[in-house]
Amino acid sequence: TGRSGNAAQTLASTAALAVPCLALVLPSGYSYGAALLLLSALCFAPRWWGRPVQDSRMWWLVAAFALMALTWQLDATRSGEFWRGADKPLKYLAAIPCLFFVARFPPKPRFLWLGIALGAIGSGSLAAFERWYLHWERPGGYTNAIQFGDLSLMLGLLCLGGLMAALPARRRRWWQALLILGAFGGAVGSVLSLSRGGWLSLVITSGVFMVVLRSRISRKAWALIGVSVVLVIGALRLLPPGNPVDQRFAEIGQQIQAYRQGDSNSSIGARFDLWKVALTLGVQKPWTGWTERGFQEQKNQMVKAGQVGTRLLELTHAHNEYLDVFAKRGLMGLFALLLMYIVPIVIFWPPADLIRPPASGRRDSRTGLDNPLGLRLIGLCVPVYYMGCELTQGFLIHNSGTMMLAFMITLIYGCLVYAEQTGANAPVPAI
């Protein structure tokens with residue numbers, strides 16, 4: 001009935017709000033919206049089960065999630081931890097019925113945008129509270145500082161994608177103000193956490209944004225971007241000597257120099273040793289990998305043999321997702337990981353007619369938040385940002401990384417379905 005359909009869509013929209021909004025401000029905050037979405041999908045299963053889905057994009061996402069679940073479960077089984085290791089695969093499998101659900105009852109995009117903005121503002125506020133009121137050296141919310149800072153920055157970047165969608169909204173300037181605050185809040189959470197991996201990924205993701213939108217960015221906007229970069233760099237240089245950001249950059253050179261002199265008991269030195277271990281082990285068993293347990297055993301043996309530093313005894317992953325997966329799950333696991341990122345990138349890459357600047361310069365009379373361009377931008381942002389962060393961090397080792405990847409992609413896909421079904425494809429003017 002129409003009433004049950006409206007209830008299903010309301011639940012999907014509420015989940016779209018809750019996942020990013022609560023992700024970093026509550027313990028396991030990303031789980032509440034995900035649980036609501038899964039429960040809704042199961043309760044309304046008779047409304048979507050058995051109905052043909054013509055959208056091939058959804059089936060590609062289903063295949064990517066299923067393959068990730070399979071490779072993780074094979075690792076757990078080979079490690080002799082079938083049930084204990086099922087936690088991670090179940091998270092990917094849980095997203096599959098949610099994909100069917102949002103394809104049938106797509107959430108309204110403005111709920112997702114609101115959740116992203118509030119989540120980014122919340123993460124920045126929490127980091128400020130922990131840094132200046134609780135006097136924590138590295139704010140980390142309810143997870144570790146690296147995950148917190150990187151996910152906070154990702155939410156800030158998603159706000160920039162939302163700002164792009166909201167640009168035509170002359171009558172709803174408060175949306176733009178909210179998203180600007182979100183972008184600022186996400187950056188604050190990242191800077192205060194002192195997590196460096198997100199800063200590298202910021203450059204990569206921003207570059208992808210500029211490549212995608214190059215035909216829409218005017219010369220004035222390019223000049224503004226250049227001036228902004230110069231001002232940011234200048235502001236960082238004007239900070240008092242010994243500030244935390246300056247110290248983090250200085251540590252990079254110091255720790256690299258120390259590693260060259262044989263000292264690997266630093267953060268970067270340990271990473272170099274971990275990469276060496278992971279690559280060595282991966283080459284020895286390239287097809288199947290050593291499994292999680294086998295990796296730990298072999299790594300500890302290399303430490304005892306004096307081949308790498310003793311700090312590795314307390315570290316459980318390679319701090320590089322690609323090398324970590326290669327060593328533990330072989331080329332099959334690496335293929336599944338890359339597919340998990342390539343599929344969303346292909347699905348969300350904006351078509352040429354959506355990127356092309358409109359000749360007439362007309363604007364969308366609505367808020368612009370239902371426009372597919374912004375949704376496609378953030379759909380690109382999530383996998384690209386993850387790929388950058390995973391050069392120096394095992395993002396998917398942590399529940400926060402897995403849940404945010406699977407369910408943000410699911411919700412962005414559902415919102416894009418809504419935007420396409422409602423015909424919200426009015427062109428957005430050039431920046």
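The values are calculated or read from the model by the stated rules, or taken from the named source; none is laboratory data. Remember, predicted model here, so these are calculated numbers, not experimental data. Cβ coordinates were reconstructed from backbone atoms using ideal geometry, including for glycine residues, and neighbour counts include every protein chain displayed. The protein model used for the area step is the full one, side chains on, heavy atoms only, and it has no ligands, DNA or RNA in it. Shrake-Rupley method; radii C 1.70, N 1.55, O 1.52, S 1.80 Å.
Figure legend. Inter-residue proximity from region 126-149: first residues over 16 Å from MET404 (Cα atoms), second residues β-branched (Val, Ile, Thr), beta-carbon distance below 7 Å, spacing 6+ or different chains. Indicated pairs: LEU126/VAL25; ALA127/VAL188; ALA128/VAL188.
Counting residues in region 186-197 that are over 21 Å from LEU22 (Cα atoms), outside any helix (DSSP H, G or I), in contact (Cβ under 8 Å) with a residue 40 or more places away in the chain and open to solvent by 10 Å² or more (accessible area, probe 1.4 Å) gives one or more. Contact map, region 58-79: first residue at positive phi, second residue open to solvent by 10 Å² or more (accessible area, probe 1.4 Å) and not hydroxyl-bearing (Ser, Thr, Tyr), Cβ cut-off under 6 Å, separation 6 or more or different chains; the map is empty.
Matching residues to (1) of a type in the set (Gly, Ala, Ser); (2) touching a residue at least 40 places away in the same chain (Cβ under 8 Å):
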| position | (1), (2) |
| --- | --- |
| SER267 | yes, no |
| LEU279 | no, yes |
| GLN284 | no, no |
| THR291 | no, yes |
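Checking each residue in region 304-315 for being part of a helix (DSSP H, G or I) and either surrounded by 18 or more Cβ atoms within 10 Å (Cβ to Cβ) or of a type in the set (Asp, Glu) (or both) picks out LEU312, GLU314. Using the structure shown, decide if ALA318 is assigned to a loop (DSSP other than H, G, I, E, B) and within 23 Å of the chain's Cα centre (by Cα). In short, yes.
Applying the criterion of being out of contact with any Asp or Glu (no Cβ under 9 Å at 6 or more places or on another chain) and part of a loop (DSSP other than H, G, I, E, B) to the residues of region 272-293, the residue that is surrounded by the fewest Cβ atoms within 10 Å (Cβ to Cβ) is TRP287. Of all residues in region 1-41, those being under 27 Å from ASN144 (Cα atoms) and either without any contact (Cβ under 8 Å) to a residue 24 or more places away in the chain or among the acidic types (Asp, Glu) (or both) number 2. Count of region 342-351 residues, restricted to those that are modelled with pLDDT of 95 or more and surrounded by fewer than 18 Cβ atoms within 10 Å (Cβ to Cβ), is 3.
Just checking, how many residues over region 122-142 are open to solvent by 50 Å² or more (accessible area, probe 1.4 Å) and either at pLDDT below 95 or not in a helix (DSSP H, G or I) (or both)?
Number satisfying all stated conditions: 9.
Against the test of being under 30 Å from GLN296 (Cβ atoms), at pLDDT 95 or above and either in a helix (DSSP H, G or I) or open to solvent by less than 50 Å² (accessible area, probe 1.4 Å) (or both), the options ALA66, ALA76, ALA15, ALA86 yield a single qualifying residue, ALA66. Residues in region 381-425 that are closer than 13 Å to GLY198 by Cα, open to solvent by less than 10 Å² (accessible area, probe 1.4 Å) and either hydrophobic (A, V, I, L, M, F, W, C) or in contact with a Gly (Cβ under 6 Å, 6 or more places away or on another chain) (or both): CYS381, VAL382, CYS389, GLN393, PHE395.
Please state which one of PHE101, PHE111 is open to solvent by 70 Å² or more (accessible area, probe 1.4 Å), touching a Ser or Thr at 6+ places or on another chain (Cβ under 8 Å), within 25 Å of LEU380 (Cβ to Cβ) and at pLDDT 95 or above.
Residue meeting the stated conditions: PHE111.
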